[in-house]
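Colleague: Sharing a structure, written as structure tokens. Questions coming.
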Amino acid sequence: MRAVVQRVSEAFVEVEGEVVGRIGLGLLVLLGVGQKDTREDAHYLARKIAQLRVFPDEEGKMNLSLKEVGGEVLLVSQFTLYADTRKGNRPSFLQAAPPEMGKRLYEAAIEAFLAQGVHVETGVYGAHMRVHLVNEGPVTLVLDSESLRPR
């Protein structure tokens, strides 16, 4: 799984002009699911993201986690994180999980955040979405379960 994680003061996602998910302080997580991913990847990545120390402490040092600041997660599916742009100019998405598998593992990630006591808002899987955010810092991290998790 691949995730682009952005520290935000607020973020929301719209589908067909309607806001379907909104958070205040927290993390916007754009999540891509690959063909080789499993529920273990979803759970690992959710735990890793919830424990990232990317929020400032009283001295302004990035030292606090999402849970420590009472932050929320806005989780948005994004299969384009598995784009292969090495050949030509049109991205290939052959490494992305098929829709049914992607949705199942996206939902596993939601469950994993909730199991840790993290409030999660979401987009709509497979829909065309408009994502709005205020990135604080800016702080943006890219995580990949394949390179992070000991196998």
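Colleague: Consider THR140 carefully, then state whether it is within 28 Å of SER9 (Cβ to Cβ), touching a Pro at 6+ places or on another chain (Cβ under 8 Å) and either assigned to a strand (DSSP E or B) or open to solvent by 20 Å² or more (accessible area, probe 1.4 Å) (or both).
Modeller: no
Colleague: While we're on this one: Output the number of residues of the stretch 95-125 satisfying the condition of being in contact with a strand residue (DSSP E or B) (Cβ under 7 Å, 6 or more places away or on another chain) and in a loop (DSSP other than H, G, I, E, B).
Modeller: 7
Colleague: Still on this structure, please answer the following. Among the residues of the stretch 126-137, what is the count of those that are part of a strand (DSSP E or B) and either modelled with pLDDT under 95 or not acidic (Asp, Glu) (or both)?
Modeller: Within the stretch 126-137, residues that are part of a strand (DSSP E or B) and either modelled with pLDDT under 95 or not acidic (Asp, Glu) (or both) number 7.
Colleague: Say whether the condition of being open to solvent by less than 50 Å² (accessible area, probe 1.4 Å) and within 13 Å of the chain's Cα centre (by Cα) is met by at least one residue in the stretch 77-94.
Modeller: The answer is yes, given that some residue of the stretch 77-94 is open to solvent by less than 50 Å² (accessible area, probe 1.4 Å) and within 13 Å of the chain's Cα centre (by Cα).
Colleague: Further question: Does MET101 count as under 27 Å from GLY17 (Cβ atoms), open to solvent by less than 90 Å² (accessible area, probe 1.4 Å) and touching a residue at least 60 places away in the same chain (Cβ under 8 Å)?
Modeller: no
Colleague: Another question about this same structure. Any residue that is touching a residue at least 40 places away in the same chain (Cβ under 8 Å), open to solvent by 80 Å² or more (accessible area, probe 1.4 Å) and touching a Lys or Arg at 6+ places or on another chain (Cβ under 9 Å) - is there at least one of those in the stretch 55-64?
Modeller: For the stretch 55-64, residues touching a residue at least 40 places away in the same chain (Cβ under 8 Å), open to solvent by 80 Å² or more (accessible area, probe 1.4 Å) and touching a Lys or Arg at 6+ places or on another chain (Cβ under 9 Å): present.
Colleague: Being of a type in the set (Asp, Glu) and surrounded by 17 or more Cβ atoms within 10 Å (Cβ to Cβ) narrows it down to one residue among GLU111, GLU121; which is it?
Modeller: So the residue among GLU111, GLU121 that is of a type in the set (Asp, Glu) and surrounded by 17 or more Cβ atoms within 10 Å (Cβ to Cβ) is GLU121.
Colleague: Tally the residues that are open to solvent by less than 20 Å² (accessible area, probe 1.4 Å) and either in a loop (DSSP other than H, G, I, E, B) or under 26 Å from VAL124 (Cβ atoms) (or both), restricting the search to the stretch 38-54.
Modeller: So the count comes out to 6.
The values are calculated or read from the model by the stated rules, or taken from the named source; none is laboratory data. Because the structure is a prediction, the values reported are computed rather than measured. A quick note on method: Cβ atoms are made from the backbone with ideal geometry, for glycine too, and the neighbour counts reach across all protein chains shown. These accessible areas exclude ligands, DNA and RNA; they are computed on the full protein's heavy atoms, side chains included. Shrake-Rupley method; radii C 1.70, N 1.55, O 1.52, S 1.80 Å.
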